[in-house]
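What follows is a single structure, written as structure tokens, with notes after it.
The values are calculated or read from the model by the stated rules, or taken from the named source; none is laboratory data. All of these numbers come straight from a predicted model, not from anything done at the bench. Cβ sites come from the backbone with ideal geometry, for glycine too, and all protein chains shown count toward neighbours.
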Amino acid sequence: MKKLKSYIAISLNGKIARPNGDVDWLDAIPNPDKLDYGYFAFYDSIDTTIQGSKTYEKVKSWDIPFPYPEKKNYVITRQQDLSDTEHVTFVKNNHIDFIKSLKKEEGKDIWLIGGGLINTMCFNENLIDEMYIHIIPIIIPEGIGLFGSIPIESQMKLLDSKTYSTGVVELRYTAI
């Protein structure tokens, strides 16, 4: 059975992006040693990605090749007029049931990329098995929160923590 894992960066005040979805602030913190914050090991542990449509549109706007071409990629959306692409399948209905069925498959784990609304949807349905939260030492005055709507009250268990020379702190949690 696959695990659904959130691997995400937040500002000190809990923002995952600026109001327009930009994450340019991630490059504001000097990283002279080119640390990857465990990204490559995490990326190797997954074979599937799930993201919301706003996050997908933001990634497309970067004018780069699709960043996860060797993975199965799903975009959760309510837009019924979207057509699947070479790299992405759009999930337009029964989102929760779809994610539950994905988790039952054999293979590597699933990366919940974000954004805030899909994070809340999955969290409130108790679908997220682990959360890797990278706290970036910067304050974003306005922006999109880790949860795009109100999450249910839940206690989390800290599985691991790491501090990097850049001031970034990685916290890995699971639900209790």
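Can you spot a residue in segment 73-83 that is at negative phi, buried (at least 18 other Cβ atoms within 10 Å of the Cβ) and among the aromatic types (Phe, Trp, Tyr)? Step through it out loud before you land on a result.
Pass one, segment 73-83, residues at negative phi: 73-83.
Subset that is buried (at least 18 other Cβ atoms within 10 Å of the Cβ): 73-77.
Next, only the ones that are among the aromatic types (Phe, Trp, Tyr) stay: 74.
Checked against the condition, which is being at negative phi, buried (at least 18 other Cβ atoms within 10 Å of the Cβ) and among the aromatic types (Phe, Trp, Tyr), segment 73-83 yields at least one hit.
Out of curiosity, is Ile16 over 19 Å from Glu57 (Cα atoms) and either under 13 Å from the mean Cα position of the chain (by Cα) or at pLDDT below 95 (or both)?
Details: over 19 Å from Glu57 (Cα atoms): no; either under 13 Å from the mean Cα position of the chain (by Cα) or at pLDDT below 95 (or both): yes.
Against the criterion (over 19 Å from Glu57 (Cα atoms) and either under 13 Å from the mean Cα position of the chain (by Cα) or at pLDDT below 95 (or both)), Ile16 does not qualify.
Scanning segment 57-64 turns up no residue that is of a type in the set (A, V, I, L, M, F, W, C), modelled with pLDDT of 95 or more and surrounded by 12 or more Cβ atoms within 10 Å (Cβ to Cβ).
The set of residues from segment 72-90 being closer than 24 Å to Ala41 by Cβ and part of a loop (DSSP other than H, G, I, E, B) comprises just one member, His87. The requirement of being of a type outside the set (Val, Ile, Thr), surrounded by 14 or more Cβ atoms within 10 Å (Cβ to Cβ), under 15 Å from Ile144 (Cα atoms) and in contact with a Pro (Cβ under 9 Å, 6 or more places away or on another chain) is fulfilled nowhere in segment 44-56; no residue meets it.
Evaluate the following for Ala9: is it surrounded by 13 or more Cβ atoms within 10 Å (Cβ to Cβ) and either within 24 Å of Lys104 (Cα to Cα) or not basic (Lys, Arg) (or both)? Yes: the conditions hold for Ala9. Just one of the listed residues (Tyr74, Tyr173) is touching a residue at least 40 places away in the same chain (Cβ under 8 Å) and either touching a Lys or Arg at 6+ places or on another chain (Cβ under 8 Å) or under 28 Å from Ser11 (Cα atoms) (or both), and it is Tyr173. The number of residues in segment 22-33 that are within 23 Å of Gly148 (Cβ to Cβ), part of a loop (DSSP other than H, G, I, E, B) and in contact with a strand residue (DSSP E or B) (Cβ under 7 Å, 6 or more places away or on another chain) comes to 1.
Of all residues in segment 34-65, how many are part of a helix (DSSP H, G or I), among the hydrophobic types (A, V, I, L, M, F, W, C) and closer than 21 Å to Asn119 by Cα?
Residues of segment 34-65 part of a helix (DSSP H, G or I): 39-44, 53-61.
After this cut, where a residue has to be among the hydrophobic types (A, V, I, L, M, F, W, C) as well, the list is 40-42, 59.
Now restrict to residues that are closer than 21 Å to Asn119 by Cα: 42, 59.
Residues that pass the stated criteria total 2.
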